[in-house]
Amino acid sequence: MTTTATSPQYDADVYTDAALLEPYEHYRALRELGPAVYLTAHDAWAVARYDDAKAVLAAPEVFRSASGIALNEPANAAILGCTLASDGEHHAHLRRIVAHRLTPRALRPVRHTVTEAAEELVAGLVARGSFDAVGDLARALPLSVVPDFIGWPEEGREHLLRWAGANFDSFGPLNERARAALPQCGEMAAYGAALVRDGNVLPGSLGAGVLEARDRGEVTEEQAMMLMLDYLAPSLDTTISAVGSAIWLLGTHPEQWDRLRAEPGLIPNAVQEIVRLESPIRGFGRLAARDTEIGGVAVPAGSRVLVLYASANRDERHFADPDVFDVARPEAPEQLGFGYGEHGCAGQGLAKMEVAALLEALARTVTRFELGRPERGLNNLIRAFSSVPVRVHTG
Amino acid sequence: MRIEADYDRCEGHGQCEARAPEIFELDDHGFLTHHYDGVELPAELEDAARGAAAVCPVAALRVTGAS
């Protein structure tokens, strides 16, 4: 094992409001410092370069997810046992039970439902002329598709966005945002537990599949409760972020929108490019199971490792002109915004389908996005706009 | 050089088909067809194979025997 004599360090808190709003210079500095950089403020090793991030994600036996996802113990304890925070055979078992319903293969029959919902939504908003691309567009589609798909009953849906946001805030260091989030994560868990106890899920849904797996003895009651939440929280804010960023990017780069309108076949690649450039998930943690190294930097057993997807996706070592938005960028599908490997986002097929369906519907009528003043939300884990006012021009 | 597919891990994301249509194809049900399964790749497809392995989101493709 080759190791450097002194390990690179970085002292800034990368979770302050300012750093969350403008993270990219921090990421650039971290990439310059080395393959793994010790964050003194967070007692964690940041992995900010593309090759090293991918290597860490490809070695789940060394870089574990159980007790590793969040940068703080209470949050790790709260999610222990869900698919996201499990390893090895246990993880593969949990993922098989639910994730098969989310694969692109399984989603083929729902494609027309998503497309129709997107077309109806876009037609209404285009008729209005001006709207909020986050509140009216980005939130509307996932909220009209995902809770039905997962099978959540109508009552309780009004809390979903608040709970999902809290869930992601809790994954940061134990700062004020994470502390405020933890009780709300508890509310969400209690709600999910009640769904399992009462069997209160829509028939034929992913949630119903979880209950059937419990009835067959494939998962315990407790695992079923975790699985009920596993795919809900991550399917909302992430997609909402991508759609908000899409409208902002396409509004600020009208020539890219012209290109997509001329070549709608580029839309799937554009979705990858949007996720690359404005990665909804800043990064996830891992726990080093043994003494190891990352790109030659020694990382001791028990270390927290923070894999920065949003930085890897702008690594100039991998992507040419990484800060440039190019819907036709050939290497865009190599982006790590959905993670990679065993824990690669199970819902990415659905997410890509939703974003692409909205862009396809918009591309048929909208010639220009005239942007108002966008506002960013603050979340420890999710990078997103909270509002993108837009006026659309047609013809 | 060969490219191996882990069929248990494959979820049908279709990125390999987009990158290397000469090697991979998804059938009508989204299952993977591998045209060079267990055989050597022709030299002109080696780059496409590397590209396909790089874009598989669940790391189900592995290049072996590369020089």
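The figures follow:
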quantity	calculated
Binned Cα-Cα distance frequencies in the stretch A:1-158 - 5 Å width, integer %	1, 7, 10, 12, 13, 14, 14, 14, 9, 5, 2, 1, 0
Ellipticity estimate at 222 nm from DSSP helix runs (n ≥ 4, -39,500 (n - 2.57)) divided over chain A, nearest 500	-14500 deg cm²/dmol
A/B buried area, accessible surface, summed, 1.4 Å probe, Å²	1500
Portion, in percent, of the accessible area of the protein assembly as shown that falls on carbon or sulfur, probe 1.4 Å	52
Local net charge near B:Ala5, Cβ-Cβ under 13 Å (Lys/Arg +1, Asp/Glu -1)	-4
Rel. contact order, % - alpha carbon contacts under 8 angstrom, at least six apart, the stretch A:279-393	22
In Hz, Karplus ³J(HN,Hα) per residue of the stretch A:170-180 (6.51, -1.76, 1.60; θ = phi - 60°; x = Gly, Pro)	5, 7, x, x, 7, 8, 4, 4, 5, 4, 5
Neighbourhood net charge (11 Å Cβ-Cβ; Lys/Arg +1, Asp/Glu -1) for B:Tyr36	-4
Heavy-atom accessible area per residue - the protein assembly as shown, 1.4 Å, Å²	40
Residue list for the stretch A:180-216, given a label point 7 angstrom along the Cα-to-Cβ vector of A:Thr113 and an amide N cut-off under 14 Å	A:202-209
Contact order normalised by residue count of chain A, Cα under 8 Å, 6+ apart, percent	27
Rough spin-label spacing in nm, given labels placed 7 Å along Cα→Cβ, for A:Glu89 and A:Asp258	6.0
Label-zone membership for the stretch A:86-127, site A:Glu212, 7 angstrom Cα→C-beta point, backbone N under 12 Å	A:98, A:101
Nearest-0.05 FRET efficiency for A:Asp321 and A:Arg368, computed from C-beta distance (R0 25 Å)	0.50
Whole-angstrom Cα spans of chain B along principal axes, big to small	33, 19, 19
Threshold 30 Å² - residues in the stretch A:323-369 whose accessible area is reduced by that much or more when the chain is no longer isolated, probe 1.4 Å	A:Pro333, A:Glu334, A:Tyr340, A:Gly341, A:Glu342, A:Gln348
Column: log10 I(q)/I(0), Debye, Cα scatterers of the protein assembly as shown, q = 0.06, 0.08 Å⁻¹	-0.25, -0.45
Nitroxide proxy distance, nm - points 7 Å out along Cα→Cβ at A:Ala41 and A:Arg96	4.4
Volume in Å³ per residue [convex hull over Cα atoms, computed for the stretch A:106-195]	129
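The values are calculated or read from the model by the stated rules, or taken from the named source; none is laboratory data. Please read all numbers here as calculations on a predicted model, not as lab measurements. Counting neighbours? That spans all protein chains shown, and the Cβs are built from the backbone with ideal geometry, glycine included. Ligands, DNA and RNA are stripped out before the accessible areas are found, and what is left, the full protein with its side chains, is counted by its heavy atoms. Shrake-Rupley method; radii C 1.70, N 1.55, O 1.52, S 1.80 Å.
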